[in-house]
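The values are calculated or read from the model by the stated rules, or taken from the named source; none is laboratory data. The shown structure was predicted, so the numbers you read here are calculated from the model rather than taken from an experiment. Heads up, the Cβs are rebuilt from the backbone with ideal geometry, glycines too, and the neighbour counts pull from every protein chain shown.
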Amino acid sequence: MYRGQSGMWLWILHRLTGVGILGFLFLHIADTYLVGLGSKYYNELVFLYHLPPFRVIEVLLVGAVLFHACNGLRIILLDFWESAIKYQRQLYYATLILFVLTWLPAAFMMLRVVNWSNWSLEAPA
Amino acid sequence: MAVEVQNKPGSKTRYSSKGARPKPTNQFELYSWYFFRVSGILLIPFALGHLAIMHIINNVDVINYNFIADRWASPLWRTYDLILLFLALLHGLNGARVLIYDYVPPRGWRVFALSTLYVVGLFFMLIGAQVIITFQPVLAAK
């Protein structure tokens, strides 16, 4: 059913994005834990996230989550809707289209507000 | 492309006669299979809502200690974050568990990888829950 077909690439991407998101989740729990230690620790670390390279990684993270969500819906449809398997091809394209249509505006809105020349690590007073 | 689904007796793949993909037969794996899908559905509003609030409506330029302190002044947001923490972590750990079964066949290494995963997972679950539940803002702080 899968090997060499469109579904296989979605399946591989689903696993890769899943592992990536879990990795970020660990990092994100650790950084949020610093809030409990006080403003100094949290604000100093979180200012790393304001740097331009992290803003690009942030957009990639949102893309990974959106892809994982769109493809997850496809998997659930295939599992619980008996006739879905007849529409595999359409579901494949629907997944990709839904992903692109959600990611592009999100990426646009996120990148629009980035100050690309801000490389300062100082938290503003 | 329409796919004819066959269900030959003795065939290794167990498609149902109605054409759905195979479900696990083992009891624990069946529960895990359902949990994977139910948590996935729930994560769509919770995780995407979190991303929309933190990265589009707000953004990382305005997220700092005071932002979190304001947000967690409401028990509603603490509850939201706690639900998201548990859903996302359990969904992710379940995924990692499946990957270990798929990619770590030697028994010893598999037990080692699974044990590490559970210890690390429990650790992050505890520190995440602890900070969400017990956080007390220091108001004078910048």
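Quick one: A:Gly38 ticks every box in (1) modelled with pLDDT of 95 or more; (2) farther than 30 Å from A:Gln90 by Cα except a single one, so which number is it? Every listed condition holds for A:Gly38 apart from (1).
Residue-wise test of (1) in contact (Cβ under 8 Å) with a residue 24 or more places away in the chain; (2) surrounded by fewer than 14 Cβ atoms within 10 Å (Cβ to Cβ).
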{"site": "A:Ile12", "(1), (2)": "no, yes"}
{"site": "A:Gly18", "(1), (2)": "yes, no"}
{"site": "A:Ile29", "(1), (2)": "no, no"}
{"site": "A:Tyr33", "(1), (2)": "no, no"}
{"site": "A:Tyr49", "(1), (2)": "no, no"}
{"site": "A:Val59", "(1), (2)": "yes, no"}
{"site": "A:Gly63", "(1), (2)": "yes, no"}
{"site": "A:Leu66", "(1), (2)": "yes, no"}
{"site": "A:Ala69", "(1), (2)": "no, no"}
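Number of residues in segment B:22-41 that are touching a residue at least 12 places away in the same chain (Cβ under 8 Å) and either among the polar types (S, T, N, Q) or more than 11 Å from chain A (Cβ to nearest Cβ) (or both): the value is 3.
Against the numbered list (1) surrounded by fewer than 19 Cβ atoms within 10 Å (Cβ to Cβ); (2) under 28 Å from A:Phe80 (Cα atoms); (3) out of contact with any Leu (no Cβ under 8 Å at 6 or more places or on another chain), B:Ile44 comes up short only at (3). A:Arg89 meets each of the listed conditions (1) surrounded by fewer than 14 Cβ atoms within 10 Å (Cβ to Cβ); (2) farther than 22 Å from B:Asn58 by Cα; (3) not aliphatic (A, V, I, L, M) apart from (1).
Scanning segment B:98-117 for residues being surrounded by 13 or more Cβ atoms within 10 Å (Cβ to Cβ) and either in contact (Cβ under 8 Å) with a residue 24 or more places away in the chain or among the β-branched types (Val, Ile, Thr) (or both) gives a total of 4.
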